[in-house]
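Here the structure is laid out as structure tokens; the discussion comes afterwards.
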Amino acid sequence: MQGDRRVIEDLDGYLQIELTGHKQYLLAGAVFERWGLSRLRDAERAYAQEETAHAAVILHRLLLLGGVPHLADVGPVTVPSSAKEQLERDQALVTRAILHLKDAIGRAQAAGDAGSRELLEEMLVDEEEHLDWLEQQLHLHGALGEKKYLQAQL
């Protein structure tokens, strides 16, 4: 089956975001474990697993439409210096994903690709829920202060 070129590009672009997220959350989980922040560790690990599952679904759809994934184009990931910095990095990545998905959903709809549109809409809901969690964490960090927030993450 041959899909629309732009929809294939959008799927590949989102795949890159998902794979970057996987690496970013995996690294953050390890850092948080090292720092003894078990709640944040568990959350980052869960998001890393979710990104892997999302990437697998997107990869399957991309190949079904005749696309060629660009797996080497994954974005850079660096070790955070603080929990707040990591939460802000995660927020930036998720915000980027949401913007990408909203545009991609419109193009899939315009191309008459209901399967890709539905898949991307499901991903959008997950990304919006993740963004909500990150916003809550950053709000708590600001309201409680760093020391109390980190104590709650032990």
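Values in this text are rule-based calculations from the coordinates and carry no lab data. Please read these numbers as outputs of a predicted model, since none were measured by experiment. All Cβ positions, glycine included, derive from the backbone under ideal geometry; neighbour counts span all protein chains shown.
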Once the Cβ-Cβ distance between residue 114 and residue 57 is put in as r, and R0 is 25 Å, what FRET efficiency do you end up with, to the nearest 0.05? 0.95
Per the rule of 0.36 nm per residue minus the C-alpha distance, extending residue 92 to residue 64 adds in nm 7.1 nm
Point-charge dipole on Cβ atoms (K/R +1, D/E -1) for the chain, about Cα centre, debye to 20: 480
Given only helices, namely DSSP H runs of n ≥ 4 each adding -39500 (n - 2.57), what is the per-residue ellipticity at 222 nm of the chain, to the nearest 500 deg cm²/dmol? -28500 deg cm²/dmol
Can you tell me the relative contact order of the stretch 9-111? Whole percent, Cα pairs under 8 Å, sequence separation 6 or more. 40
Using a Förster distance of 30 Å, the FRET efficiency for residue 85-residue 4 (Cβ separation, nearest 0.05): 0.20
Considering just Cα atoms, how many Å³ per residue does the convex hull of the chain enclose? 88
Could I have the simple spin-label model distance between residue 50 and residue 144, label points 7 Å from Cα toward Cβ, reported in nm to one decimal? 1.9
